[in-house]
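Structure record follows, encoded as structure tokens.
Each reported figure results from applying straightforward, stated rules to the coordinates on display, with no laboratory input. Predicted, not measured: the structure shown is a model, and the values here were computed from it.
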Amino acid sequence: MAGKTKKVTPKQKIIEVKAIPSLEPKLGRVYSNYVAVSNTKFDFTIRFGDLPPGGDVERLRQGKELIIPTIIDIIVVPDLIPGIIQALDAHYKKYLEQSEDIAEQNKETVR
């Protein structure tokens, strides 16, 4: 006679970890004025590039493609995307508020 057995799993412990990013970037700092995002069903790729000032105006006038040098591709798992969006949104709002404050201070200085 076959009976049902219950699998007993050990109690899981939840460990809280506070992750603090290093102030020293592993690859150093680079400037980017271009970003492209693509995805597969497994990950997201965020490609950063550096569009030269003014670009190649002659190529643009001729309707040709403009090649933007890629600095780096950052590939992240989909689980990180909501946090990235929230962080960018929060910091962009903060930036806009600071920009308004600076513009207001400049108006008062000119008066």
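Quick look at the values:
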{"item": "Alpha-carbon Rg/Rh ratio, for the stretch 28-76, with Rh computed the Kirkwood way", "result": "1.08"}
{"item": "Coarse-grained scattering of the stretch 56-100 at q = 0.13, 0.16, 0.30, 0.34 Å⁻¹, given as base-10 log I(q)/I(0) from a Debye sum over alpha-carbon atoms", "result": "-0.64, -0.76, -1.02, -1.11"}
{"item": "Along principal axes, Cα extents of the stretch 8-106, largest first, whole Å", "result": "71, 43, 26"}
